[in-house]
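Report on the following structure.
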Amino acid sequence: MITIHGVPAFDDNYIWVISEGNGKAAVVDPGDEAPVIDYLQVYDLQAVAILITHKHYDHVGGITGLCRQYRDVRVYGPANENISGIDRKLKEGDRVDIPGMKFSPEVIDIPGHTEGHIGYYASPALFCGDTLFACGCGRVFSGSFAQLHASLVRICELPDSTDIYCAHEYTLDNIGFAKWVEPDNPELLKREKQVIGEREQGLATVPFRLAVEKETNPFIRTDMDGVRSSAEKYSGTGLSTAEQVFTVLRQWKDKDYD
Ligand code: ZN
Ligand code: FE
């Protein structure tokens, strides 16, 4: 049985630890080693693999510390980003074979937040770093708006039943902006109530289902009339493509909301 546990780190990061009952574990995006080592020790697990989605400090800061603690750990990461400590570089279509683990995700290229961002897909789970968040998406740093839009489209081609394991607890905050875009979306309002309840109980809102995103996340609903018209109203121009709508939404949130 596979277990996926979110180790909280910093203010709002999740470091995902995958284990399957034989004492071995894979760790996704360890921005910090200390909380991961604590978790691994409590459950008597040995880190055998680190999977990195992109180069930002809050995702790679714990590589050195984990490598010091677990000598044989393999460190996987994107071929198109320069990250120190990575010894196995991955690109679209590669499969990650971790010695001693059945967990064997496939790599998808999902650039945009950064230029070389990758995701790890092991049905039904997708580890997508800072690309797709619940009711939102990553900012465009060293990638482009066109890339991030294409990456979100790509993720939406996965089965609706996919469980999305992103790297931050941003859901409630993202819902605030999603309501600017679609104030009358009943599914969004329903999700807001549910998320408020979960957060009041101290529960994580990640992972979440891709199907739910398709009903509530404006950044992947760019072909809906209501989303387009909100973006057109904000920008004051007609928008003919989903990529244009996406770009306006992302810039709108950057400028006026975040
Ligand atoms: Zn990032
Ligand atoms: Fe991050």
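The values are calculated or read from the model by the stated rules, or taken from the named source; none is laboratory data. These figures come from a predicted structure and were not determined experimentally. Heads up, the Cβs are rebuilt from the backbone with ideal geometry, glycines too, and the neighbour counts pull from every protein chain shown. Keep in mind that these areas ignore ligands, DNA and RNA; they rest on the heavy atoms of the full protein, side chains included. Shrake-Rupley method; radii C 1.70, N 1.55, O 1.52, S 1.80 Å.
Kindly work out what percent of the DSSP beta bridges joining two residues of the chain are antiparallel, to the nearest 5.
On the way: 24 of 39 bridges.
Among the beta bridges of the chain, antiparallel pairing accounts for roughly 60 percent.
Report, in degrees rounded to the nearest 10, the 0 to 90 angle that the Cα long axis of helix 242-252 makes with the longest principal axis of the chain. Once rounded, one gets 80 degrees.
Taking a 1.4 Å probe, which of Glu92, Glu169 shows the most accessible area, and what order do the others take after it?
My answer, sorted largest first, is Glu92, Glu169.
In the full protein context, region 129-258 carries 46 Å² of accessible surface per residue, based on a 1.4 Å probe and ignoring ligands, DNA and RNA.
Each of Cys128, Val96, Ile110 was placed along the dipole of region 87-131 (beta-carbon charges, centred on the mean Cα), and the one lying farthest toward the positive end is Val96.
Go ahead and estimate [θ] at 222 nm for the chain from helices alone: -39,500 (n - 2.57) per DSSP H run with n ≥ 4, summed, over the residue count, rounded to 500. Using -39500 (n - 2.57) per qualifying helix, the result is -10000 deg cm²/dmol. Label separation (Glu215 vs Tyr57): 4.0 nm, computed from points 7 Å beyond Cα along the C-beta direction.
Comparing Cα centroids, region 61-82 and region 15-37 end up 12 angstrom apart. Only protein heavy atoms count here; on that basis, with a 1.4 Å probe, Tyr14 has an accessible area of about 20 Å². The heavy atoms of Phe208 present about 10 square angstrom of accessible area, all protein chains included, probe 1.4 Å.
For region 157-258, the equivalent ellipsoid derived from the alpha-carbon gyration tensor has semi-axes of 24, 15, 12 Å in decreasing order.
For region 116-125, the Karplus equation 6.51 cos²θ - 1.76 cosθ + 1.60, evaluated at θ = phi - 60°, returns couplings of x, 3, 10, x, 10, 10, 9, 3, x, 9 Hz by residue, with Gly and Pro reported as x.
Straight-line cross-link partners of Lys179 among the lysines, defined as a Cα under 29 Å from its Cα and at least 8 positions apart when in the same chain: Lys190, Lys193, Lys214, Lys233, Lys253, Lys255. Amide H contacts for Ala122 (H built 1.01 Å from N in the peptide plane; partners 5 or more residues away or on another chain; cut-off under 5 Å): Glu106, Phe127.
Would you mind getting me the FRET efficiency between Glu232 and Ser104? Use the beta-carbon distance for r and R0 = 45 Å, nearest 0.05. Walk me through the numbers before you get to the answer.
Details: r = 44 Å, r/R0 = 0.99.
Result of the calculation: an efficiency of 0.50.
Charged side chains reduced to their Cβ positions (Lys and Arg at +1, Asp and Glu at -1) give the chain a dipole of some 280 debye around its Cα centre. Which residues in region 105-130 have a backbone N closer than 19 Å to a point placed 7 Å from the Cα of Met1 along the Cα-to-Cβ line? Hits in region 105-130 for Met1 at 19 Å: 124-125. For the chain, the residue among Val73, Ser19, Ile2 whose Cα projects farthest onto the positive side of the dipole built from Cβ charges is Val73. With a ≥ b ≥ c taken as the square roots of the eigenvalues of the C-alpha gyration tensor of region 78-121, please select rounded if a/c is under 1.5 and otherwise prolate if a/b is larger than b/c or oblate if it is not? Note, shape of region 78-121 comes out oblate. Near Lys24, which aspartates and glutamates are there with a Cα under 14 Å away, not counting those fewer than 8 places off in the same chain? Once the sequence-local aspartates and glutamates are set aside, what remains near Lys24 is Asp44, Asp72, Asp97. Here the ratio of the Cα radius of gyration of region 41-160 to 2.2 N^0.38 Å is 1.07.
Only one residue of Cys137, Thr237, Leu148 has its Cα farthest out toward the positive end of the dipole of the chain, where Lys and Arg carry +1 and Asp and Glu -1 on Cβ, and that residue is Leu148.
Build a GNM of the chain with springs between Cα atoms under 10 Å apart, and of Phe103, Phe127, Phe145 the one that fluctuates most is Phe103.
Once divided by 2.2 N^0.38 Å, the Cα radius of gyration of the chain becomes 1.00.
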